[in-house]
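The values are calculated or read from the model by the stated rules, or taken from the named source; none is laboratory data. What you see is a predicted model, and the numbers here were worked out from it, not measured in a lab. Methodologically, a virtual Cβ is constructed for each residue, glycine included, from the backbone with ideal geometry; neighbour enumeration extends over all protein chains shown.
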Amino acid sequence: MTTEELKAAWKSEEDCAFIKGWDFSHIKGRYEEENRLPWDYEAIVRSALKDEMKLLDYDTGGGELLLSLHHPYENTAATEGYPPNVKLCRERLTPLGIDLRECKDAAHIPFDDESFDIIINRHGDFFPPEIRRLLKPGGLFITQQVGADNDRELVEMVLPGVGKPFPHENLREQREGFLDAGFEILQADEAFGPISFYDIGAFVWFARIIEWEFPGFSVDRCFDRLLKLQEIIEREGKISGTTHRYLIVARKPR
């Protein structure tokens, strides 16, 4: 392809960069991310969850994980703050009887004190004192998070020198935050893994979707650097980076 044809193809990917929920099927087969973590987040949640427990999924996304748990709907609540996902959840969760609340502020969640036995949060925001307020004595908070060093090599390839969007998102600092808020830590782990892209169009789409990691990214702004990445793919078959995840299971004392 000529330079002009590459640019047109990449701008087409840029223009269609939109998702509902957390659906990356648009680039399926064009990128690969290591998802085999040292822990199984869903299994940890399932092992703690009993039908009679009150469950909150904070920042539920499109409700995909929440629905997969098949928890009794009358004992299930969820929040979401991203408007397209709020609309999706109203269509998906509310008709089932799940108590859905729109919320963008993790420090002010619109539920009463000690409402929940378990609060789960995968790749969303959280504020330990607010989590403590919402949990019943002995209640659990189970979270898997994207760490501060996620995709940093890829970011540097197109936006050199740009700062980390959430520099304190690491196991050490967040674990201390829960201890300071009066929690017991039952489990804590951190992991790094590979992520690879096999064509630059897929990378462009990804960078536009994950806009907080790639602030100000566009094909026009980063075109020369994208051409260099295209040379790497033609030579090596892929461009690669590193993912960063951590897990915390915390309990409010009885």
>> Cβ contacts < 9 Å: first residue more than 13 Å from ALA207 (Cβ to Cβ) and free of Cβ contacts under 8 Å to residues at least 24 places away in the same chain, restricted to the range 219-237; second residue surrounded by 15 or more Cβ atoms within 10 Å (Cβ to Cβ) and of a type in the set (Val, Ile, Thr), any location; separation 6+ or different chain. Result?
In response: ILE232/ILE239
> Of all residues in the range 204-254 being touching a Gly at 6+ places or on another chain (Cβ under 7 Å) and among the charged types (D, E, K, R), which is surrounded by the fewest Cβ atoms within 10 Å (Cβ to Cβ)?
Replying inline: ARG254
> Within the range 137-146, is there a residue that is within 30 Å of ARG225 (Cβ to Cβ) and crowded, with 18+ Cβ neighbours inside 10 Å?
Replying inline: yes
>> Going residue by residue through the range 38-58, is there one that turns out to be modelled with pLDDT under 95, within 16 Å of the chain's Cα centre (by Cα) and surrounded by 14 or more Cβ atoms within 10 Å (Cβ to Cβ)?
In response: no
>> Let me confirm something: among GLY201, GLY163, GLY241, which residue is more than 28 Å from PHE127 (Cβ to Cβ) and outside any helix (DSSP H, G or I)?
In response: GLY241
> Quick one: in the range 24-37, which of the residues that are surrounded by 11 or more Cβ atoms within 10 Å (Cβ to Cβ) and more than 15 Å from the chain's Cα centre (by Cα) is nearest to LEU100 (Cα to Cα)?
Replying inline: HIS26
> Of the residues that sit in the range 59-88 and are touching a Ser or Thr at 6+ places or on another chain (Cβ under 7 Å) and in contact (Cβ under 8 Å) with a residue 24 or more places away in the chain, which one is surrounded by the fewest Cβ atoms within 10 Å (Cβ to Cβ)?
Replying inline: ASP59
>> I'm checking my understanding of the structure. Among residues of the range 166-189 that are charged (D, E, K, R) and assigned to a helix (DSSP H, G or I), which one is surrounded by the most Cβ atoms within 10 Å (Cβ to Cβ)?
In response: ARG175
> Wholly within the range 41-114, which strands (runs of 3 or more DSSP E) include no fewer than the required count, namely at least 2 residues that are touching a Gly at 6+ places or on another chain (Cβ under 8 Å)?
Replying inline: 76-80
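Listed here are the residues, each with its yes/no results for (1) closer than 20 Å to ASN35 by Cβ; (2) assigned to a loop (DSSP other than H, G, I, E, B); (3) of a type in the set (A, V, I, L, M, F, W, C).
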position: ILE142; (1), (2), (3): yes, no, yes
position: PRO194; (1), (2), (3): yes, no, no
position: PHE206; (1), (2), (3): yes, no, yes
position: PHE214; (1), (2), (3): no, yes, yes
position: CYS222; (1), (2), (3): no, no, yes
> Quick one: is PRO253 under 23 Å from TYR41 (Cα atoms), modelled with pLDDT of 95 or more, in a loop (DSSP other than H, G, I, E, B) and not small (Gly, Ala, Ser)?
Replying inline: yes
>> Among the residues that make up the range 110-126, is at least one of them without any contact (Cβ under 8 Å) to a residue 60 or more places away in the chain, of a type outside the set (Asp, Glu) and closer than 23 Å to LYS50 by Cα?
In response: yes
> Somewhere in the range 138-149, is a residue touching a Pro at 6+ places or on another chain (Cβ under 9 Å), at pLDDT 95 or above, of a type in the set (A, V, I, L, M, F, W, C) and under 19 Å from MET53 (Cα atoms)?
Replying inline: yes
>> Looking only at residues that are of a type outside the set (A, V, I, L, M) and assigned to a loop (DSSP other than H, G, I, E, B) in the range 1-23, which one is surrounded by the most Cβ atoms within 10 Å (Cβ to Cβ)?
In response: GLY21
